[in-house]
Amino acid sequence: METLNFLTPELISNAISQIGSPAYVYSRETIEQRCAEVSAFPNAYGLNARYALKANPHLAILKIVEAMGLHFDASSEYEVMRCLHAGIPGEKIQLTSQQFPREHLTEIIEAGVLFNACSLRQIDAFGKAFPGSNISFRVNPGTGSGSNRKTNVGGPSASFGIWHEQTDEAAEIAAKHNLSITRIHSHIGSGSDPEVWKAVTEMTLAQADKFPTVHTVNLGGGFKVARMSSEKSTDLQEVGEFVKSVFIKHAENTGKEYKLEVEPGTYLSANCGSLICDVDDISSTGEDGYTFLKLNTGMDTITRPALYASEHPIIILND
Ligand SMILES: *Cc1c(COP(=O)(O)O)cnc(C)c1O
């Protein structure tokens, strides 16, 4: 059975009379609870949690997340600007973008934002602009998990990051510009297969070992979040204990104790909000057909079903 989650019929009619319909309604309490869960991610040598704001960049949500002590991952220079305009200090923001900044690079870096290079070209372009600084880079570890190819962000079918066989080249380009690689980043995809977590963690740690200046390993986001009652969310404690044991074993073998970063987006915002709407019309295609409810909302307000064929609970409140 699907449930109203944090909503009640009273809250819904209040929202509609105050805001109108359709309306998005978010629960501060649920967001705070998710932030607390992510901040409690098991770790061996320290943890920094970021919110990947492309999941929901609304100012009100950024403020709640910041107040809960999380840092941020921006997937474009414009998302960085959004954070800066929200009053978030640059040191708390990391830029991980497919596109190298074209407008705000200097402003962003001078504000203290951490640059996470996503390609060889990005390392080179950044090095030319800011020789001698610290960077991190995103590696494509060669494998990933995700519910389908569209959300699989590792492996040969993913364009994200520097292919794991090209990280020596990354080191050469960084050295040419006197850049110091202090953090390594990979992104696990939106799956919850513990074997994939283990493989990606081990491969990312192995990459980190190549660079003596690395102190932090970022495993990205992608904790699966159940929307339908038939689905199962990633258990953060379970996956986290798993990741922690890999870090500890690695430290025993190599002497390297890396700080861990995680940066979920979806986990911190999905199921924290609902879309309230009205039935505008009802039509039917006969006995062997269907009954259609026509709503005053659609693909522009909730994109995931169209984009990923994902299911979301729909609850009808009255007759
Ligand atoms: C989207 C994204 C995330 C978060 O992924 P979710 O599936 O929303 O948790 C983390 N890191 C980077 C670099 C991303 O682009």
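The values are calculated or read from the model by the stated rules, or taken from the named source; none is laboratory data. Bear in mind the structure is a predicted one, so any value in this text is a computation, not a measurement. Note that each Cβ is placed from the backbone with ideal geometry, even for glycine, and that neighbours are counted across all protein chains shown.
How many residues are without any contact (Cβ under 8 Å) to a residue 40 or more places away in the chain, out of contact with any Leu (no Cβ under 7 Å at 6 or more places or on another chain) and closer than 21 Å to residue 304 by Cβ when one looks only at the range 61-99?
2
For residues that are in a loop (DSSP other than H, G, I, E, B) and modelled with pLDDT of 95 or more, scanning just the range 176-191, find the one that is nearest to the ligand (Cβ to nearest atom).
Among those that are in a loop (DSSP other than H, G, I, E, B) and modelled with pLDDT of 95 or more, it is 179.
Scan (1) touching a strand residue (DSSP E or B) at 6+ places or on another chain (Cβ under 6 Å); (2) assigned to a loop (DSSP other than H, G, I, E, B) for the single condition residue 44 breaks and write down its number.
Here residue 44 clears every test but (1).
With the requirement that a residue be more than 16 Å from the ligand (Cβ to nearest atom), among the polar types (S, T, N, Q) and touching a residue at least 12 places away in the same chain (Cβ under 8 Å), what does the range 213-261 give you?
Correct list: 213, 229, 237, 254.
Cβ-Cβ below 6 Å, separation at least six or inter-chain, first residue in the range 39-56 and among the charged types (D, E, K, R), second more than 9 Å from the ligand (Cβ to nearest atom): which pairs?
From the range 39-56, the pairs are 50/71; 50/72.
Within the group 27, 76, which residue is of a type outside the set (A, V, I, L, M) and either within 16 Å of the ligand (Cβ to nearest atom) or surrounded by 21 or more Cβ atoms within 10 Å (Cβ to Cβ) (or both)?
The unique qualifying residue is 76.
As an exercise: evaluate residue 303 against (1) surrounded by 14 or more Cβ atoms within 10 Å (Cβ to Cβ); (2) within 15 Å of the ligand (Cβ to nearest atom); (3) of a type in the set (S, T, N, Q); (4) farther than 26 Å from residue 202 by Cβ and give the number of the one condition it does not meet.
Checking residue 303 against (1) surrounded by 14 or more Cβ atoms within 10 Å (Cβ to Cβ); (2) within 15 Å of the ligand (Cβ to nearest atom); (3) of a type in the set (S, T, N, Q); (4) farther than 26 Å from residue 202 by Cβ, the one that fails is (1).
Which count do you get for residues in the range 229-284 that are in a loop (DSSP other than H, G, I, E, B) and of a type in the set (S, T, N, Q)?
At the first step, the residues of the range 229-284 found to be in a loop (DSSP other than H, G, I, E, B) are 229-235, 255-258, 263-265, 270-272, 277-278.
Next, only the ones that are of a type in the set (S, T, N, Q) stay: 229-230, 233-234, 271.
Total meeting the criteria: 5.
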